[in-house]
Amino acid sequence: MKHGIKDKITNRSGFSLVELIVAILLSMVAMTAIYSSYFTQVKSYTVQQQVVGMQQNVRAAFMFLEREIRIAGCDPSGNVSPEPGILVANANSIQFTMDINDNSNTYNFDGDVLDTDENVTYILSGDDLQRNGTAIAEYIDVIDFVYLTNDSPPVVLNPGGTNVPAANLSLIRSVELTIVARTENIDRDINNSQSFSNQQGMVILPAQNDTYRRRRLTTHIKCRNLFL
């Protein structure tokens with residue numbers, strides 16, 4: 001009886017070396033697939049976060065520019081002299097005045113344009129869009145302004161990306177604004193060979209052939225208060 005139990009114990013078979021190798025290989029394949037899937041998802045999430053950040057960035061810039069250009073020249077009292085309006089109209093920068101505040105910063109007009117936020121300059125410095133010297137948006141490749149008259153069809157006052165002469169500033173009635181923004185970091189899986197144009201069809205950013213993702217936003221702003 002004891003001899004039979006011993007035979008059963010000694011005759012138990014384990015895993016062979018081949019079976020162990022196969023099991024390890026299968027485990028490695030499974031782990032590789034899991035890691036690859038995880039890595040892909042993390043990368044996709046990172047890219048989406050970059051794109052969302054870029055879109056929020058450029059929309060914030062648009063919010064400031066569109067709102068303030070629309071009310072450029074605001075003069076509720078009709079007493080501001082010289083009359084407020086656009087002072088500088090360059091292809092890549094703009095300066096304008098408006099009576100929207102008073103000495104107490106209560107945002108009531110007071111017949112001058114000497115108070116906070118009444119003389120505004122937007123300009124691209126490096127890749128920062130600045131408002132009166134303060135960055136309001138980062139990673140901006142291009143900001144482009146096209147200035148139009150009130151004719152039908154409107155006449156472009158700065159054709160070919162030039163600047164509007166001082167003598168023609170009083171003719172401006174609307175502004176086409178185009179901004180091209182990019183992501184903060186590169187994406188090595190893409191090669192961005194896209195060029196970007198403004199509403200007039202003029203290329204404002206040639207193909208960079210790099211690995212940044214970009215977005216263009218453009219709009220037409222009617223200046224409600226200019227020389228009314």
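From the phi angles alone, apply the Karplus equation (6.51, -1.76, 1.60; θ = phi - 60°) to the range 130-136 and give each ³J(HN,Hα) in whole Hz, x where the residue is Gly or Pro.
The phi angles translate into 10, 10, 6, x, 10, 5, 10 Hz.
What's the percent breakdown of Cα-Cα distances in the range 152-194 across 5 Å bins, shortest bin first?
The calculated distribution, bin by bin, is 5, 13, 21, 15, 8, 9, 10, 10, 7, 2.
Please name which of ALA167, ILE86, GLN55 has its Cα lying farthest along the dipole of the chain towards the positive end, using unit charges on Cβ (Lys, Arg +1; Asp, Glu -1) and the Cα centre as origin.
Value computed over the given set: GLN55.
Could you tell me the relative contact order of the range 152-228? Use alpha-carbon pairs under 8 Å, at least six residues apart, and round to a whole percent. Intermediate results must be reported in sequence, preceding the final value.
Values: 103 pairs, mean separation 27.3, N = 77.
This gives 35 percent for the range 152-228.
Over the Cα atoms of the range 116-196, what is the Rg over Rh ratio if Rh follows Kirkwood? Provide the component values of the computation, followed by the final result.
Working: Rg = 16.1 Å, Rh = 15.1 Å.
Dividing the radius of gyration by the Kirkwood radius yields 1.06.
Do you know the relative contact order of the range 75-117, to the nearest whole percent, from alpha carbon pairs under 8 angstrom that are 6+ apart? Mind dumping the intermediate values first?
On the way: 71 pairs, mean separation 16.1, N = 43.
Relative CO of the range 75-117 lands at 37 percent.
Quick one: compute the contact order of the chain, relative version, from alpha carbon pairs under 8 angstrom and 6+ residues apart, as a percent.
Numbers: 409 pairs, mean separation 39.7, N = 228.
It comes to 17 percent, rounded to a whole number.
Of MET202, THR219, GLY111, whose Cα points farthest to the positive end of the dipole of the range 80-228 (charges on the beta-carbon: +1 Lys, Arg; -1 Asp, Glu; origin at the Cα centre)?
About the Cα centre, the residue reaching furthest to the positive side is MET202.
At 0.36 nm per residue, minus the direct Cα-Cα distance, what do ASN92 and ASP127 gain on full extension? Give it in nm, one decimal, please. If you can, show how the numbers build up before the last one.
On the way: separation 35, 0.36 × 35 = 12.60 nm, distance 1.24 nm.
Result for the pair: 11.4 nm of gain on full extension.
For the Cα atoms of the chain, what angle does the longest principal axis make with the long axis of helix 17-70, in degrees from 0 to 90, nearest 10?
Long axis of 17-70 versus the principal axis of the chain: about 10 degrees.
Show SER93, SER27 ordered by accessible area, largest first, where the area counts protein heavy atoms only and the probe is 1.4 Å. Don't skip to the end; give the middle numbers.
Values: SER93 15, SER27 65 Å².
The ordering from most to least exposed comes out as SER27, SER93.
Across 5 Å bins from 0, what is the distribution of all Cα-Cα pair distances for the range 68-135, in whole percents?
4, 19, 26, 22, 15, 9, 4, 1
Using a 1.4 angstrom probe on heavy atoms only, work out the carbon and sulfur share of the accessible area of the range 15-164 in %. All intermediate terms of the calculation are to be shown ahead of the outcome.
Values: 4970 of 8500 Å².
Result for the range 15-164: 58 percent of the exposed heavy-atom area is carbon or sulfur.
Size of the dipole of the chain about the Cα centre, Lys and Arg at +1 and Asp and Glu at -1 on the beta carbon, nothing else charged, in debye to 20? Please report the intermediate quantities before stating the final value.
On the way: 18 positive and 24 negative charges, 404 e Å.
Magnitude of the dipole: close to 1940 debye.
Hey, can you grab everything whose amide H is under 5 Å from the amide H of ILE204? Only 5+ residues off in sequence or another chain; H modelled, so Pro and N-termini drop out.
Amide H to amide H, under 5 Å and 5 or more residues apart or across chains, ILE204 pairs with PHE196, SER197, ASN198.
Nearest 500 deg cm²/dmol is fine: what mean residue ellipticity at 222 nm does the chain get from its DSSP H runs of n ≥ 4 alone, each adding -39,500 (n - 2.57), divided by its residue count? Spell out each step's value before the answer.
Numbers: 2 runs with 63 residues, N = 228.
About -10000 deg cm²/dmol.
For SER125, what is the net charge nearby, where nearby means another residue's Cβ is under 14 Å from its Cβ and Lys, Arg count +1, Asp, Glu -1? Don't jump to the answer; show the numbers that get you there.
Numbers: positive: ARG131; negative: ASP127, ASP128, GLU138, ASP141.
Local charge sum for SER125: -3.
The values are calculated or read from the model by the stated rules, or taken from the named source; none is laboratory data. Because the structure is predicted, anything quoted here is derived from the model rather than measured. Neighbour counts are summed over all protein chains in view; Cβ atoms, including those assigned to glycine, are modelled from backbone coordinates with ideal geometry. Side chains included, ligands, DNA and RNA excluded: accessible areas come from the protein's heavy atoms. Shrake-Rupley method; radii C 1.70, N 1.55, O 1.52, S 1.80 Å.
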